[in-house]
Amino acid sequence: MTPTPHLLPTLTDSTSMDMPWTGVIPAADEALYRLAGMGTGQVAMNIRRPALLIIDMQYRSSGEKPARIEDAILEYPTSCGEVTWRAVAHVARLIAVFRAAGFPIVYPHVAPKGRHNGGRFADKMPNIMTISARGYEFIADVAPADTDLVIPKHHASAFFGTPLASHLIDFGVDTLFVVGGTTSGCVRATTVDASSLGFKVIVPHEAVFDRSQTSHAVNLFDMAAKYADVVSVTEAIALLEGRGRLAPSGV
């Protein structure tokens, strides 16, 4: 089944609909990208087997409760504050659809930092080494089930130094729906690596978040131009439901 074209907005549509980068990316830049043909195609065509990657949905990213980021970072310096909590409800919607369809759900997440594994990120942001054990727990509303695959990681990309690609190949996955945070960090790094490895990537934009809304918008624009289809959660669910006749992974 070929997805209905209006379900997959591209850069050429962004002037006529409310995309996350509207009003942030200058119109001249968008025109330049269109002239180059960037973002005018779609990757989410002929999907055979999708998987949902839920990246770093941990209390270290959200704080214990919704709060302004200025307050949230006093609790966890890695917190993105209330934007994480806004994303939680959208991630939960996608989880429900994937569970009902029997498609795989994978949780790449920041592993607790040991004494020597902070890496260069810790060199740039030493406060990450102060996060308590509680901060590494999954946010309860979007926590993994026993049937989900949980993969600890120590770097931005969920693929770097992990067995994620092997698991996805074993599941027969060809398309990844990537959600979580941060848009400019782990989501982008994972999306670039996924595209490089030959996976189709869809980023439901309300289900990703960043501490900087400018960085969030710019990185979504860039991913839409080069690596992924950036769509709304409603559009992502409609696309998934259009694929409902597919057999679940592992069958």
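Every read-out reported here was derived from the displayed coordinates using simple, explicitly stated rules and does not represent laboratory data. Computed from a prediction, not measured in an experiment: that's the story for all the values here. We place every Cβ from the backbone using ideal geometry, glycine too, and count neighbours over all the protein chains shown.
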Selected from Asp174, Asp56, Asp141 as most flexible by GNM, with the chain as the system and alpha-carbon contacts under 10 Å: Asp141
Which of Ser195, Ser212, Ser166 moves most in a GNM of the chain, Cα contacts under 10 Å? Ser166
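Can you give the longest stretch of the chain with no exposed loop site, where a site means GluC sites (Glu not before Pro) in a DSSP loop (not H, G, I, E or B) with at most 16 other C-beta atoms within 10 Å? Spell out each step's value before the answer.
Values: sites that count: Glu64, Glu137.
By the stated rule (loop sites, at most 16 other Cβ atoms within 10 Å), 138-251.
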Just in the range 69-141: which trypsin sites (Lys or Arg not before Pro) are loop by DSSP and have at most 12 other Cβ atoms within 10 Å? Arg115
Add +1 for every Lys or Arg and -1 for every Asp or Glu among the other residues with Cβ under 13 Å from the Cβ of Arg188, and state the total. -3
Residue span Val24 to His167: 0.36 nm per residue of separation minus Cα-Cα distance leaves a gain in nm of 47.7 nm
So which helices of the chain fit the span-like rule, where a helix is a whole DSSP H run, its Cα atoms reach 18 Å or more along the axis, and its mean Kyte-Doolittle is at least 1.0? none
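So what is the orientation-averaged projected area of the chain, using the convex hull of its C-alpha atoms, in nm²?
On the way: hull surface 52.8 nm².
That works out to 13.2 nm².
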Under a cut-off of 25 Å between alpha-carbon atoms, report the lysines in cross-link reach of Lys200, not counting same-chain residues fewer than 8 places apart. Lys153, Lys226
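Once the mean 1/r over all distinct Cα pairs of the range 160-209 is inverted, what Kirkwood radius in angstroms do you read off?
Working: mean 1/r = 0.0893 Å⁻¹.
Kirkwood radius, the range 160-209: 11.2 Å.
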R0 = 25 Å: FRET efficiency of Ser196 with Asp141, Cβ-based, nearest 0.05? 0.20
The range 130-248 - convex hull of alpha carbons, volume per residue in Å³: 131
The answer for trypsin sites (Lys or Arg not before Pro) in the range 21-62 that fall in a DSSP coil and have at most 15 neighbouring Cβ atoms within 10 Å is Arg48
Just Thr130, Thr190, Thr234 to compare: in a GNM of the chain, with alpha carbon springs under 10 Å, which one fluctuates most? Thr130
Give the span of the range 16-105's Cα atoms along each principal axis, as three whole-Å numbers ordered largest to smallest. 46, 38, 19
Kirkwood Rh, Cα atoms: Rg over Rh of the range 104-176: 1.01
